[in-house]
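Following: one structure in structure tokens, then a few remarks.
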Number of protein chains: 2
Amino acid sequence: MKVVVLRLGHRGERDQRVTTHVCLTARAFGAEGVYLTTKDEDVKRNLEDVVKRWGGSFWVRETDNWKKVIKKWKEGGGVVCHLTMYGQDMEDVINKIKGRDVLFVVGAEKVPPEIYKISDYNVAIGHQPHSEISALAVALYMLMPDALKKRYPDARIEVLPSERGKKVVRK
Amino acid sequence: MKVVVLRLGHRGERDQRVTTHVCLTARAFGAEGVYLTTKDEDVKRNLEDVVKRWGGSFWVRETDNWKKVIKKWKEGGGVVCHLTMYGQDMEDVINKIKGRDVLFVVGAEKVPPEIYKISDYNVAIGHQPHSEISALAVALYMLMPDALKKRYPDARIEVLPSERGKKVVRK
């Protein structure tokens, strides 16, 4: 099982922080990498820096052809889930996608309507307006709750869970 | 059981979108309201507009004294949980807070160190860097998974879950 995220429609500075949160969330909740449809060196550098310190092999790649990313994913036998408040409940979809390679598509405010058609599933984490960051976090958590416990042998810095204050180990 | 969020340290425009996502997430995942420590009319107006259309009685209030908010919460018998990657695992805390009134504290990048001391619990949703939006979403989801299904009788607009496209009812 492999999980990757496709982030659509990030529009420069306004979305930069939100896209950074999308990428960090993807990494922390067990995805292998994120495709961005907009070139954004700051987001990329930020995540590379996190990986250098916190470990693992999470990647951020730009693509100028998101349809090709989806097509290839499907050709490889993977399933495409578009996260949208208009979709079916995740609870009704989760057993169909568990164990398969999943590409989660998360949009910024507007997404091309086509995405509703070419995705295998349009999936909602609740039907109220909230945040693509929350939707991704909860979708990944529902699919892979243990990913949160993953440890990185190559990390330079690691947190020691603590009742008070900050305890870290630097290696 | 009542859940409220205290958002610390939002610094103007840079954090505005993230704070808006924090508030929308709080609402969608079952919190009653959010205290902001920074005056931000845009965030407030945005949420009021969402409540007007999507229903319910979610509120956003400014406070210039977050210590007082925490003190009052404790005096009322509620428990204060600071969400931080340095904290204990949510799994180890959840049974202690379930059913009680919970104030979740979420910071922007830096929080006053004092918050680690005066919170009843410092709670982590994983120990990797990610996003206060994700942390809040997953913490609320773990505590109240059914809140996502809540419907609002006074909503002017409601989503009908759908396999393809967008279906909404306007009332």
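A short reminder: the numbers here are calculations on the coordinates, not readings from a lab. No experiment lies behind these values; they were computed from the predicted model shown. Don't worry about glycine lacking a Cβ; one is built from the backbone with ideal geometry, like all the others, and counts go over all protein chains shown.
Can you list, shortest first and in nm, the gaps between the label point of A:P153 and those of its counterparts in the other copies, using a point 7 Å from Cα in the C-beta direction?
Between copies, matching label points for A:P153 lie 5.9 nm apart.
Chain B: D in µm²/s via Stokes-Einstein (Kirkwood Rh, Cα pairs, 4 °C, 1.567 mPa s)? Spell out each step's value before the answer.
Working: Rh = 16.6 Å.
D, rounded to a whole number, is 78 µm²/s.
List the residues whose amide H sits under 5 Å from the amide H of B:L8, counting only those 5 or more places along or on another chain, with H placed 1.01 Å from N in the peptide plane.
Residues meeting the amide H criterion: B:V106, B:G107, B:A108.
Percent antiparallel among DSSP beta bridges with both residues in chain B, to the nearest 5? Kindly include the intermediate steps, with their values, before the conclusion.
On the way: 3 of 26 bridges.
Given both bridge residues lie in chain B, the antiparallel proportion sits at roughly 10 percent.
Taking the Cα centre of each part, how many Å lie between region B:106-167 and region B:35-69?
When both Cα centres are located, 15 Å separates them.
Read phi for every residue in region B:71-86 and hand back ³J(HN,Hα) as whole Hz from Karplus 6.51 cos²θ - 1.76 cosθ + 1.60, θ = phi - 60°, with x for Gly and Pro.
In residue order, the calculated couplings are 4, 4, 4, 5, 4, x, x, x, 10, 10, 10, 8, 7, 8, 5, 8 Hz.
Over all residues in B:89-98, what is the mean tally of Cβ atoms on other chains that come within 10 Å of each residue's Cβ? Numbers along the way, then the final one.
Working: counts 3, 1, 3, 2, 1, 0, 0, 0, 0, 0.
Mean inter-chain Cβ contacts per residue within 10 Å come to 1.
Pick out, in residue order, every one of the trypsin sites (Lys or Arg not before Pro) in region A:64-117 that is DSSP loop and has at most 16 other C-beta atoms within 10 Å; say none if there are none.
Values: sites: A:K67, A:K68, A:K71, A:K72, A:K74, A:K96, A:K98, A:R100, A:K110, A:K117; in loops: A:K98, A:R100, A:K110.
Loop-located and lightly packed - A:K98, A:R100, A:K110.
Output the antiparallel fraction of DSSP beta bridges having both residues in the protein assembly as shown, as a percent to the nearest 5.
Numbers: 6 of 52 bridges.
Among the beta bridges of the protein assembly as shown, antiparallel pairing accounts for roughly 10 percent.
Quick one: of A:K110/B:K52; B:K2/B:K68; A:K167/B:K149; B:K71/B:K98; A:K96/A:K149; B:K2/B:K166, which pairs are farther than 27 Å apart, Cα to Cα? Mind showing how you got there, number by number?
Working: A:K110/B:K52 21 Å; B:K2/B:K68 18 Å; A:K167/B:K149 38 Å; B:K71/B:K98 20 Å; A:K96/A:K149 24 Å; B:K2/B:K166 32 Å.
Exceeds cut-off: A:K167/B:K149; B:K2/B:K166.
Any idea how far apart A:E32 and B:E48 come out in nm if each label point goes 7 Å out from Cα toward Cβ?
Roughly 4.9 nm, to one decimal.
Assume the label is 7 Å from Cα along Cα to beta carbon: what separations in nm does B:E109 have to the matching positions in the other copies?
2.5
Specify whether the C-alpha gyration tensor of the protein assembly as shown places it in the rounded, prolate or oblate class, a ≥ b ≥ c being the square roots of the eigenvalues: rounded for a/c under 1.5, otherwise prolate if a/b is larger than b/c and oblate if not. Display every interim value, and only then the final one.
Values: a/c = 1.62, a/b = 1.19, b/c = 1.36.
It is oblate, given that a/c is not under 1.5 and a/b is not larger than b/c.
What gaps in nm, shortest first, separate B:R61 from its twins in the other copies when you place the label 7 Å past Cα toward the beta carbon?
Copy-to-copy label distances at B:R61, shortest first: 5.0 nm.
Amide H to amide H, which residues 5 or more places from B:D101 or on other chains are under 5 Å from it, using H placed in the peptide plane?
B:K2, B:V79
Return the sequence-ordered ³J(HN,Hα) values of region A:108-120 in whole Hz as given by the Karplus equation 6.51 cos²θ - 1.76 cosθ + 1.60 applied to θ = phi - 60°, using x for Gly and Pro.
After applying 6.51 cos²θ - 1.76 cosθ + 1.60, I find 7, 3, 10, 10, x, x, 3, 4, 5, 8, 7, 6, 5 Hz.
Given a cut-off of under 8 Å on Cα pairs at least six residues apart, what relative contact order in percent is computed for chain A?
On the way: 299 pairs, mean separation 48.1, N = 171.
The value is 28 percent.
Let me know the charge dipole size of chain A about its Cα centre in debye, to the nearest 20, where only the beta-carbon of Lys, Arg (+1) and Asp, Glu (-1) is charged. Before the final figure, lay out each step's value.
Working: 31 positive and 23 negative charges, 130 e Å.
So the magnitude is around 620 debye.
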